[in-house]
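J.: One structure, pasted below without further comment.
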Amino acid sequence: MCYSVKGGGQEVGRSCILLSFKEKNILLDCGIHPGMTGVDALPFVDLIDCERIDLLLITHFHLDHCGALPWFLEKTSFRGRCFMTHATKAIYRMILSDYIKVSNIGADHMLYSENELEKSMDKIEVIDFREQKEVNGIKFWCYVAGHVLGACMFMIEIAGVKVLYTGDFSRLEDRHLCAADMPNIRPDALILESTYGTQIHENRDIRESRFTSVVRGIVTRGGRCLIPVFALGRAQELLLILDEYWSKCEELRDIPIYYASSLARKCMSVYQTFVSGMNSSIQKQIAVRNPFNFKHVKYLRSIDYFEDIGPCVVLATPGMLQSGLSRELFESWCSEPKNGCIIAGYCVEGTLAKHILTEPDEIAALNGHRLSVRMQIAYISFSAHTDYNQTSNFIRQLKPPNAIFVHGEASEMLRLRLAINREYEGPSGNEIQTFSPRNTEEVKLYFRGEKTAKMVGRLAQKTPSDGQIISGILVKRNFNCHLMVPEDLPVYDSIMVHVNLPKVTLEVVVRLSMLLHGNVLLL
């Protein structure tokens, strides 16, 4: 089995992994790099024979996992099938439509148009959690991944060999999402994220308290508090926290909270539609009052509707400050010490959000001017990725013989590999091979699956005794072998049984005298 990393290898961004086994080819995710533009943001698709891809599986709606999908579906020779969950498909269209609008690049450098995005929707099929499907002999099903609404982990089975791809996942329940499932099947190989390496997340209550304390400090001194977010995901978690905190603090209620995104209202309607995919706490609340009908949050479609006249809290997209409303507000507010910016999620290398965490004295504005940075910068991670404890426990319970780390910076990935290797070395009987391939690098694993034939139909109605020889017709298709009597062929396969009675004509040349017996002619 060959694992070829086309994106997300020793980096975070443009996740894309090609899995090949027994002449079957599966592409896992198809994202773009948030810190790049145009074709530079794509995975290494020039190394993929798109026409030979049987199956494309998308784990969730974040751009670094699905942002290149319209391009791949509309501008390559791919003719396979593409699957994602219902919630992911609903949100995918909105997220990418917004990406097209806010990308600060010319039309000539855009990867795809709104029309191409719309056409791609017809080529995407949906899958329910734990629903098993089969395409060209490839069996697959998905588990809840946490992380964001609709996110899933895919289990793939080819010829009896199982591979689990986690995508981005979190094993901790938060205010609205369930924790990732723990599959009850041991995979032969595990492909998992390594975003936070060996880091340990702080306790949820401590993190929320620190977050509300920083927000309160900024607005009570008369400042503007900017929180860059993606339209869907952590934004809803932060809005739930802020709305609850404002309800408790009467003295803050005159200070507005804005959710600034062109998708704001559409996003919330999607969250209300897929509430069944959230945790039990949200489902209990929804019976009384929809928790996403916020009491203290106002929606803001664009900066044209914003009156910048005093202290406020603004959650604005995009989350990495590369362009759009969050970038405009940051450039407007960054030179004033009383203002503040809270980075609440993971930041990719090459983005402004990552850069300001290094506490620079100034930044380059989008217009090329230099701006001083004097506002307060705080990093409080609400990123729903696994930390070391979650990753280690996940591996310990699954016990995969092989683990392939992706979606992490090289240094974090190396530390994680070394820690996992130390944990499983020795005579424990649970040794694990670990890999952290670079982009374009391949990992090859060798599996010898057992070949078994399953008796079906009339042949399976009676349990054979030990040592009994069973006779029948062996039918092999897509790595499955079935043994049956000939009469059952039409039931279990498209093969029809025909009985042919041949008529044979023989030409014999003899003398007439040889056919005479007495006076009787023998015919």
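J.: Helix 234-248 sits at what angle to the longest principal axis of the chain, using alpha carbons and giving 0 to 90 degrees rounded to 10?
T.: 40 degrees
J.: Now, a different point. What Kirkwood hydrodynamic radius do you get for the range 1-131 when you take the inverse of the mean 1/r over all pairs of distinct Cα atoms, in Å?
T.: Over the range 1-131, the inverse of the mean reciprocal pair distance is 14.7 Å.
J.: Among GLY472, MET484, ALA453, whose Cα lies farthest out toward the positive end of the dipole of the range 453-492, if unit charges sit on the beta carbon of Lys, Arg (+1) and Asp, Glu (-1)?
T.: Farthest towards the positive pole: ALA453.
J.: Could you give the size of the charge dipole of the chain about its Cα centre, using +1 on the Cβ of each K and R and -1 on the Cβ of each D and E, expressed in debye and rounded to the nearest 20?
T.: Charge dipole of the chain: 1200 debye, to the nearest 20.
J.: Still on this model: For the range 240-390, go through all pairs of different Cα atoms, get the mean of 1/r, take its inverse, and jot down that Kirkwood value in Å. Before the final figure, lay out the partial values.
T.: Working: mean 1/r = 0.0576 Å⁻¹.
With all distinct Cα pairs of the range 240-390 included, I get 17.4 Å.
J.: Less than 13 Å Cβ to Cβ from LEU371, Lys/Arg counted +1 and Asp/Glu -1: what total charge do the surrounding residues give?
T.: That works out to -2.
J.: Which whole-number percent of Cα pairs in the chain have a distance greater than 29 Å?
T.: On the way: 78747 of 136503 pairs.
Roughly 58 percent, rounded to a whole number.
J.: Relative to the Cα centre, what is the charge dipole magnitude of the range 28-176, using +1 at the beta carbon of each Lys and Arg, -1 at the beta carbon of each Asp and Glu, and rounding to the nearest 20 debye? Mind showing how you got there, number by number?
T.: On the way: 15 positive and 22 negative charges, 75 e Å.
I would put it at about 360 debye.
J.: Which of LEU239, ALA287, ALA145 sits closest to the plus end of the dipole of the chain, meaning its Cα is farthest towards the positive end, when Lys and Arg get +1 and Asp and Glu get -1 on the C-beta?
T.: Positive-end residue among those listed: ALA287.
J.: Another question, if that's okay. When the chain is fully extended, how far beyond the present Cα-Cα distance does ARG204 get from GLN376, taking 0.36 nm per residue of separation?
T.: In short, 59.7 nm is gained.
J.: Now, a different point. Determine the sum of side-chain charges near HIS33: Lys and Arg each +1, Asp and Glu each -1, restricted to other residues whose C-beta is under 14 angstrom from that of HIS33. Numbers along the way, then the final one.
T.: Values: positive: LYS6, ARG14, LYS354; negative: GLU11, ASP29, ASP40, ASP64, GLU349, GLU409.
Around HIS33, the surrounding residues sum to -3.
J.: By how many degrees, 0 to 90 and rounded to 10, does the Cα axis of helix 388-398 deviate from the longest principal axis of the chain?
T.: Tilt of helix 388-398: around 20 degrees.
J.: Let me ask another. Arrange the peptides 318-325, 236-243 so that the one whose residues have, on average, the most other Cβ atoms within 10 Å appears first.
T.: 318-325, 236-243
J.: Right, another one. Have a look at SER262, GLY8, PRO311 and report the one farthest towards the positive end of the charge dipole of the chain, computed about the Cα centre with Cβ charges (Lys/Arg +1, Asp/Glu -1).
T.: Selected residue: GLY8.
J.: Using only the Cα atoms of the range 322-460, build the gyration tensor, take square roots of its eigenvalues as a ≥ b ≥ c, and label the shape rounded, prolate or oblate: rounded if a/c is under 1.5, else prolate if a/b is larger than b/c, else oblate.
T.: prolate
J.: Something else about it: Give the order of SER335, SER103 when sorted by the count of other beta carbons within 10 angstrom, beginning with the fewest. Please report the intermediate quantities before stating the final value.
T.: Working: SER335 13, SER103 19.
By the 10 Å Cβ count, ascending: SER335, SER103.
J.: Counting Lys +1, Arg +1, Asp -1, Glu -1, what net charge surrounds TYR99 among other residues with beta carbon under 13 Å of its beta carbon?
T.: Neighbourhood net charge equals -2.
J.: Sort 126-136, 410-420 by the packing proxy (mean of other Cβ within 10 Å over each peptide's residues), most packed first.
T.: Highest to lowest by the protection proxy: 410-420, 126-136.
J.: Here is a further query. Give me ILE58, ILE206 sorted ascending by neighbouring Cβ count inside 10 Å, so fewest comes first.
T.: Ordered by Cβ neighbours within 10 Å, fewest first: ILE206, ILE58.
No lab work stands behind these numbers, since they all come straight from the coordinates. These figures come from a predicted structure and were not determined experimentally. Reconstructed Cβ throughout: ideal geometry from the backbone, glycine too, with neighbour counts over all protein chains shown.
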